[in-house]
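Inspection log for the structure reproduced underneath, given as structure tokens.
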Amino acid sequence: MQAHPLRLAPGDDLRAAVEDVLRQRDLHAAFVIQGIGSLSVAQLRFAGAEAPSELRGDLEIVSLAGSVSPDGAHLHMSVADARGQVFGGHVASGCMVRTTAELLLALLPEHRFARKLDPATGFLELVIESKPDR
């Protein structure tokens, strides 16, 4: 496992930036261990919802975690608005960094993650494989 700190700048799309790390490093597995920062736009799919809901304003990332594979990221995030009201859910594309986002990724070069349809859940679920020694 390799620790990879990442700082995102204003205007960055949080999800796209996390997914880009794997492509840039030609890796196939990672976890976002934690993330903090601020957003101007959050796109969160709430539990049981078909589509994400858009939140706008001064939003603080309270927590961020998830897995990343070449098939994309599966991230969950909690954000607080200017009144302290907290919203949480599945991170969709379009979460725009307001001032900064500071993340810690655990890169796993010895593993390969994929997402495959699980008939029991009806969702694309994480499949974990160990990469053979080279």
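The values are calculated or read from the model by the stated rules, or taken from the named source; none is laboratory data. All values derive from a computational prediction rather than experimental measurement. Every residue, glycine as well, gets a Cβ built from its backbone with ideal geometry; the counts of neighbours run over all protein chains shown.
Annotations
- Exclusive hit being touching an Asp or Glu at 6+ places or on another chain (Cβ under 7 Å) and either closer than 13 Å to Arg15 by Cα or part of a loop (DSSP other than H, G, I, E, B) (or both), set Gly66, Gly57, Gly84, Gly94: Gly94
- Residues (in a strand (DSSP E or B) and either under 21 Å from Arg7 (Cα atoms) or modelled with pLDDT under 95 (or both)) located in the stretch 97-113: Val97, Arg98, Thr99, Thr100, Ala101, Glu102, Leu103, Leu104, Leu105, Ala106, Leu107
- Residue in the stretch 47-54 that is surrounded by 17 or more Cβ atoms within 10 Å (Cβ to Cβ), assigned to a loop (DSSP other than H, G, I, E, B) and more than 10 Å from the chain's Cα centre (by Cα) present: yes
- Scanning the stretch 21-37 for residues that are surrounded by fewer than 17 Cβ atoms within 10 Å (Cβ to Cβ) and within 24 Å of Leu55 (Cα to Cα) returns Ile33, Gln34, Ile36.
- Each residue in the stretch 1-46 was checked for being within 16 Å of Val97 (Cα to Cα) and in a helix (DSSP H, G or I), and 7 of them qualify.
- In the stretch 61-120, residue surrounded by the fewest Cβ atoms within 10 Å (Cβ to Cβ) [restricted to those that are of a type in the set (Lys, Arg) and without any contact (Cβ under 8 Å) to a residue 60 or more places away in the chain]: Arg83
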